Amino acid sequence: MRDKVIVELKNVTKYFERGIIRKRKNYAVIDVSLKIREGDIITLIGESGCGKTTLGRIIAGLIKPSKGTVLWFGKDVWKMKKKEFKKYRPLIQLVHQDPYASLNPARTVYQILAPIVKKYYKPKSAAELEKEVKNVLRYVGLTPPDYFLNKYPHHLSGGMRQRLAFARALIPKPKLIVADEPVSMIDMSLRLSVLALMKKFNEEFGIAFVYISHDIATARYFEDKATLSLMYLGRIVETGPMRDVLRNPMHPYLRAILSATPVPDPRITRHKRKLELKSLEVPREIVMLESCPFSPRCPYSEEICFKQVPPPKEYDGHIVACHLVDKLPKWIPPWQVAV
C-alpha cells in the first residue's frame, strides 16, 4: 500500500435545510475525518439513512460540505480553479447503485463508451477506436465484445449494466472509485463477479475504492486488505482493519449488528447470544449533535454518554468513538455457544 493520500476529509459536516420561514437543519454527515490513500479499500458500512451516500458524494466532489474541508491530492477541491479542477476530476470516479439509471437508455454500449475512449486514449482512426472499446469490454467481462457493441442498456442484465458502469469509470484511469452499493440491485448469484471485478481493478491498477454498503457480508469479500469504517447517524463510530474489527468489535453498535447476523445453523440460531438494545427507536437529531448518537439504544450507556459526544480514540488498533470502550465486557461471538 502506498502512502500518497488521494482524498482527505477534515471535520466534514453536511446538513440540508428545510422550511421557508423557520429553517431547520437535517444533518446527514457530522464531523467526519477520513484519509484515503493509493491502493486503499475503505468499506463504509451502515444502515439505510445513516449518511453513507452523502459522504460518498462529498468524497467524489459532487456535494459541497456545509462545514469542513475536502482535499484532493492535498488541495481544497472547493477552492480549485476551473483548469485545476478539470485536471483532477477524472481521477475520482463514482459508480452509482442503480446501473440502469446511471446509463443513457437512448445510447448503445458503443455510443456510451466511445466518446470517453476517444477523449482519453486518442485513437488515430475509427477502427482503432472500436478496437479500444472492445478491449475495455473484454477486460470487464462483457464478452464477446462484438455482441454487446450495439446493445442498449435495457438489453443487458443488472450485472452486465454494472460492469458497463465500471468500464466507463475505468477509462479515465482513475486513482479512486467510489462504489455506492454497486451490488445491491444485482442478483445474488452475480454479486461475487462484480466484487471480483473491483478487486481486480485494485490489484492490477492500484485503484483505491470506497465501497459503500449496508451489507457486511459483501464487504467481507475484501477482508484481507480492507479498512472497515462503521457509520451511525452521520458519524463514523469505529474504524480499523476489517479482519480485526469483525473478530473483536469494540463499539456496541457493531456488536449489536453482529449479534443479529443470521447464522446458517439452526442449532446455533436457537441458542446464540443476542445483544439486547434499550430501545429500537432511532433518537432525535438533538441526541446526534449533543451526545453519543447510540446512547438511547446502547445496553451499556452511562450518564456521560447522554451529555457528551465521545471523541474518537485509538484502542487496541481500532479508532472508536465510545466513552466506555475500555469498560465494555469481553466480546464473545454469538455463534460461540454450547449446542
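Since every read-out is calculated from the coordinates, none of them should be taken as a lab result. Please read these numbers as outputs of a predicted model, since none were measured by experiment. Here the Cβ is made from the backbone with ideal geometry for all residues, glycine too, and neighbour counts use every protein chain on show.
How much length is gained on full extension from residue 88 to residue 62, taking 0.36 nm per residue of separation minus their Cα-Cα distance?
Once the chain is fully extended between residue 88 and residue 62, it gains 8.0 nm.
What residue among 249, 174, 311 has the largest mean-square fluctuation in a Gaussian network model of the chain, using Cα springs under 10 Å?
Among 249, 174, 311, the largest mean-square fluctuation in the Gaussian network model of the chain belongs to 311.
About the Cα centre of the chain, what is the dipole size in debye to 20, counting +1 per Lys and Arg Cβ and -1 per Asp and Glu Cβ, all else neutral?
1180 debye
Along Cα→Cβ, 7 Å out, is where each label goes; now give me the distance between the ones at residue 143 and residue 98 in nm to one decimal.
That separation, rounded to one decimal, is 3.3 nm.
Hey, got the dipole for segment 160-213? About the Cα centre, +1 on K and R Cβ, -1 on D and E Cβ, debye to the nearest 20?
180 debye
Set Lys and Arg Cβ to +1 and Asp and Glu Cβ to -1, take the dipole of the chain about its Cα centre, and tell me which of 29, 114, 48 lies farthest positive.
114
When the helices in the chain are scored as -39500 (n - 2.57) per DSSP H run of 4 or longer and the sum is shared across all residues, what 222 nm value do you end up with, to the nearest 500 deg cm²/dmol?
Taking each H run of at least 4 residues, the total per residue is -9000 deg cm²/dmol.
When only C-alpha pairs under 8 Å and at least 6 residues apart count, what is the relative contact order of the chain, in percent?
Averaging sequence separation for qualifying contacts and normalising by length gives 18 percent for the chain.
Rounded, prolate or oblate, given the Cα gyration tensor of segment 1-84, with a/c below 1.5 counting as rounded?
It is oblate, given that a/c is not under 1.5 and a/b is not larger than b/c.
Quick one: which of 66-73, 259-266, 50-57 comes out on top by average Cβ neighbours within 10 Å, and what's the full order, highest first?
Going by the mean number of other Cβ atoms within 10 Å, highest first, we get 50-57, 66-73, 259-266.
Label segment 102-185 by shape, choosing from rounded, prolate and oblate, from the square roots a ≥ b ≥ c of the eigenvalues of the Cα gyration tensor; if a/c is under 1.5 it is rounded, and otherwise prolate applies when a/b is larger than b/c, oblate when it is not.
Judged from the Cα gyration tensor, segment 102-185 comes out oblate (a/c at least 1.5, b/c at or above a/b).
Can you sort 303, 128 by how many other beta carbons sit within 10 Å, fewest first?
303, 128
Could you give each residue of segment 50-59 its phi-based ³J(HN,Hα) in whole Hz, using Karplus coefficients 6.51, -1.76, 1.60 with θ = phi - 60°, and x for Gly or Pro?
Couplings: 8, x, 4, 5, 4, 5, x, 6, 5, 4 Hz.
Treat each spin label as a single point 7 Å out from the Cα along the C-beta direction, and report the residue 106 to residue 126 distance in nm.
Simple spin-label model gives 2.2 nm for this pair.
Between residue 315 and residue 190, what is the spin-label point distance in nm, taking each point 7 Å from the Cα along the Cα→C-beta axis?
4.3 nm
Any chance you could run the full-extension gain for residue 282 through residue 268? It's 0.36 nm times the residue separation minus the Cα-Cα distance, nm to one decimal.
Result for the pair: 2.1 nm of gain on full extension.
Taking the highest mean first, how do the peptides 38-44, 86-92, 113-119 order by number of other beta carbon atoms within 10 angstrom per residue?
38-44, 113-119, 86-92
Net charge near residue 140: determine it from the other residues with C-beta under 11 Å of the C-beta of residue 140, scoring Lys and Arg +1 and Asp and Glu -1.
+4
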